[in-house]
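For reference, the structure is listed below as structure tokens.
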Ligand SMILES: [Zn+2]
């Protein structure tokens, strides 16, 4: 067999990816967001203020003062439901080279202790001033794999650097000067065309949005999720942020070397050790009948005319044989 194999842009050969994030990790998400997402099997992602776990919010003039930050055990419940957790800084104040030890370093440690899992995603608080070069250099130093901004743009499978990930606002109204209106279809057509990854951003949708430029209503959250699911069908990967980040890194580091006679070697040299999920989806020649990975048979998923197989790779070379 002489056709080549490749790695699909996203897991299971999905065409595009959808994730949704909720800044501040508020207990009040249980009123609407948690059940709406559960109904449609969409995993959410909470961005926790590490220095304020389990307390009533009282930060500056925040619209969410009086709401409740989740505690460690409450966040563990979210993980058990398939959600993910990011670090939204220690204090929700300035993150930069001078404050990074606390805002990114200690915050990561405290959060990891609280939830019992590694934290690999930083989510800028306030606005993108906390995505400054000092903050992002410290993200690298402390072992974060991704950093999320607020930029209404798509992420793509071949983007260079996940230390700047785009998030789209899921609000009643965008910021000035355009004051963009709510659009349940936002970025979906482009995501389909470009194998894009949409990450939505809001705080805590309730009957009416807490603030038009920071949130949407629960009805609009429902409309957005229903639109993603109906537009996406079998082509969308509903992913936790960490899972799509891990896939992106693993795919990017993967090297496939043809060895002749249907044999290949696959490895991921230099893959960062923080990448936990190292499964990639191989696109095989459509006539492939069997595939073996280090001598063991692997199930082939057939979709239309495609043949796909998932394998877990590492920095050490492993053998693929297709017949
Ligand atoms: Zn925030």
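Where a number appears in this text, it was derived from the coordinates with a stated rule and is not lab data. These numbers come from a predicted model, not from an experiment. With ideal geometry, Cβ positions are generated from the backbone for all residues, glycine too; neighbour counts draw on all protein chains shown.
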### Query
Taking springs between alpha-carbon atoms closer than 10 angstrom, which of 74, 274, 61 fluctuates most in the Gaussian network model of the chain?
61
### Query
Sorted from largest down, what three extents in whole angstroms do the Cα atoms of segment 246-322 have along their principal axes?
35, 26, 18
### Query
Taking the Cα atoms of segment 40-148, what is the range of coordinates along each of the three principal axes, in descending order and whole Å?
36, 31, 27
### Summary
Each label sits 7 Å from Cα toward the beta-carbon; between residue 252 and residue 79 the label points are separated, in nm, by 2.5
### Query
How would you order 196-206, 302-312 from highest to lowest mean count of nearby Cβ atoms within 10 Å?
196-206, 302-312
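Express in nm, to one decimal, how much length is gained between residue 185 and residue 158 on full extension, taking 0.36 nm for each residue of separation and deducting their alpha carbon distance. Kindly include the intermediate steps, with their values, before the conclusion.
Numbers: separation 27, 0.36 × 27 = 9.72 nm, distance 2.32 nm.
This chain segment gains 7.4 nm when fully extended.
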### Listed residues 27, 55, 42, most fluctuating in the chain (Gaussian network, C-alpha, under 10 Å)
55
### Task
Write down Rg/Rh for segment 167-323, rounded to two decimals, with Rg from the C-alpha atoms and Rh from the Kirkwood relation over Cα pairs.
1.11
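Compute and list, largest first, the equivalent-ellipsoid semi-axes of segment 277-323 from the alpha carbon gyration tensor, each √(5λ) rounded to a whole angstrom. Don't skip to the answer; put the middle values down first.
On the way: eigenvalues 70, 30, 12 Å².
One finds semi-axes of 19, 12, 8 Å for segment 277-323.
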### Message
Report the gain in length on full extension from residue 56 to residue 316: 0.36 nm times residue separation, minus Cα-Cα distance, nm rounded to one decimal.
### Response
88.8 nm
### Message
Please report Rg (one decimal) and Dmax (integer) in Å for the Cα set of segment 202-275.
### Response
20.1, 62
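Over segment 118-212, what portion of Cα pair distances is larger than 17 Å, expressed as a whole percent?
On the way: 2510 of 4465 pairs.
Everything past 17 Å amounts to 56 percent.
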### Query
Taking Cα centroids, how far is segment 188-210 from segment 106-142 in Å?
22
### Query
With springs only between Cα atoms under 10 Å, which of 85, 110, 17 fluctuates most in a Gaussian network model of the chain?
110
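Using the beta-carbon distance between residue 192 and residue 127 and R0 = 25 Å, what value does 1/(1 + (r/R0)^6) give for FRET efficiency, to the nearest 0.05?
On the way: r = 29 Å, r/R0 = 1.17.
With R0 = 25 Å, the Cβ-Cβ based efficiency is 0.30.
Please compute the contact order of the chain in relative form: average sequence separation of alpha-carbon pairs under 8 Å and at least six residues apart, divided by the residue count, as a percent. Write down the numbers at each step before the final one.
Numbers: 716 pairs, mean separation 68.3, N = 323.
Contact order relative to length: 21 percent.
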### Message
Output the 0 to 90 degree angle, nearest 10, between the alpha-carbon long axis of helix 218-232 and the longest principal axis computed from the alpha carbons of the chain.
### Response
10
#### Entry: Gyration tensor (alpha-carbon) shape descriptor, segment 61-125, a/c threshold 1.5
oblate
### Task
Between the alpha-carbon centers of segment 221-242 and segment 10-78, tell me the distance in whole angstrom.
17
### Summary
With no solvent term and unit scatterers on the alpha-carbon positions of the chain, Debye gives log₁₀ I(q)/I(0) at q = 0.07, 0.10, 0.12 Å⁻¹ of -0.30, -0.59, -0.82
